[in-house]
Every structure is written in C-alpha cells, then in structure tokens.
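Working notes for the structure below.
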Amino acid sequence: MIDMEIKAENPITLLQDDPVQPFLAAFFELCHLKQLYRQGWLHFGIPNQHCESVAEHSFAVAVLALWLGQAYYHQLDLNRVLRMALLHDIGEVYAGDIIPSDRVSETDKQRLERASLEKVLGKLPASQDHLELWLEFERGDSPEARFVRQIDRLEMGLQARVYQAQGFAGMDEFIHSARQALVDPQLVEILKG
C-alpha cells in the first residue's frame, strides 16, 4: 500500500495470533475501510475529524444506488447494483485509496486493487462471483455497472457539497468532476440539488 493516512491499523493485524474462520478474516480485513480516510479529501485540506472514510463512502454509494434504483431505474437488476456498490471499494483494503497525485498508472492501480480484492474475497466460497462482478463494475460493461460508476461519482459530488456547506474551500473542483462524469440527466439534476 502507498503511504496513506489512516485512523488505525487494519483490524486483521490484531488477530494474527488467533485462528479465525475465513469469512471472519475477510470481514476484519474489510473493516480496514473504516480506518482508511478518503485521501482526496485530505489532500484538499479536509481535516481528519471531518474526513469521511472509504467505508462511509461505500455505504453512501450503496444507499444512493438503492434509493435511486428503486425510484427511477426499474429496468436495472437492483440485486446486482447493490452487490457492485458494496464491493466496488474492497480493492482499497490493501491497495489504499489511490488518488491522481500518487502518480500510479491506471493499469497499476487496477492491478493493485485486484490483488487486494482477491486477497480479501479469496477466502469466501463465492469469491469468483464477487471478482467477476467487480471486474464488470471496473469495465463499466453493463447498465448496472455504468449506473453504479455514476453513483460513485455522484456521491463524491454530494459529499463535496456537504464539505462546501461546512465552509471548506476547493470543493468546486470535486463538484465539477462529478458533473463531468454524470451522463444520466436524472443524476445531473440530483447533483444540482
């Protein structure tokens, strides 16, 4: 992992001497996302005490995907949407929240995240299904994947609006970036508020 600011070490390190079932090991590794700050916010001056974690972001993406999917996107397979939303950042458990200033190529970023995902989810019986769903999200090659990719960006833009309302500067860049990523008119309107 690239040197990242975190709240605490990965919880799995606390269990190194305790044998645990594979799904518990995967769960404790996943819980590291609660400890990992969203590095882009820190880079733009959001103080630690206000900075969301990757897990908080993932939760918000899943909730937005659920609510918006139910309200406006009946044609989507909501089960696949929610699974993608919940899985989309698990690759950051060991790779970290890589941001552009880290100067990691997109190929290397995806390789690191995939290795992280395989390490965490490889302990589970449905690991191959999870990996395939994550790859589908990464490629954006289904309506569900494209929807979740947009929700991921929408959540970032909405969080930037929260930070902006709290008085933090520099958030226009994030809102503009989110707007550029959104192609669905309904989601653009939601970002505008």
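The values are calculated or read from the model by the stated rules, or taken from the named source; none is laboratory data. No experiment lies behind these values; they were computed from the predicted model shown. Positions of Cβ are backbone-derived with ideal geometry, glycine not excepted, and every protein chain shown enters the neighbour counts.
Brief remarks follow.
- Any hit, region 174-185, residues being of a type in the set (S, T, N, Q) and in a helix (DSSP H, G or I): yes
- Subset tally (residues that are touching a residue at least 60 places away in the same chain (Cβ under 8 Å) and of a type in the set (A, V, I, L, M, F, W, C)) for region 6-24: 1
- Matching residues in region 36-50 - criterion: being of a type outside the set (F, W, Y) and crowded, with 18+ Cβ neighbours inside 10 Å: L36, R38, Q39, G40, I46
- Restricting region 52-89 to residues that are touching a Phe, Trp or Tyr at 6+ places or on another chain (Cβ under 8 Å), small (G, A, S) and in a helix (DSSP H, G or I), the residue that is farthest from E9 (Cα to Cα): G69
For (1) under 18 Å from the mean Cα position of the chain (by Cα); (2) under 26 Å from P47 (Cα atoms), each residue gets a yes or a no:
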{"residue": "R114", "(1), (2)": "yes, no"}
{"residue": "L117", "(1), (2)": "yes, no"}
{"residue": "V120", "(1), (2)": "yes, no"}
{"residue": "W134", "(1), (2)": "yes, no"}
{"residue": "P143", "(1), (2)": "no, no"}
{"residue": "L158", "(1), (2)": "yes, yes"}
{"residue": "Q166", "(1), (2)": "no, yes"}
{"residue": "I190", "(1), (2)": "no, no"}
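- Matching entry among F147, F137, F174 (being crowded, with 17+ Cβ neighbours inside 10 Å, in contact (Cβ under 8 Å) with a residue 12 or more places away in the chain, touching a Lys or Arg at 6+ places or on another chain (Cβ under 8 Å) and not polar (S, T, N, Q)): F137
- Picking from residues in region 90-120 that are charged (D, E, K, R) and not in a helix (DSSP H, G or I), the one that is surrounded by the most Cβ atoms within 10 Å (Cβ to Cβ) is D97.
- Pairs where the first residue, in region 27-52, is modelled with pLDDT of 95 or more and the second is part of a loop (DSSP other than H, G, I, E, B) and basic (K, R), C-beta under 6 Å, 6+ apart: Q35/K7; E52/R38
- Some residue of region 177-184 being under 18 Å from the mean Cα position of the chain (by Cα), surrounded by 20 or more Cβ atoms within 10 Å (Cβ to Cβ), at pLDDT 95 or above and under 17 Å from W41 (Cβ atoms): yes
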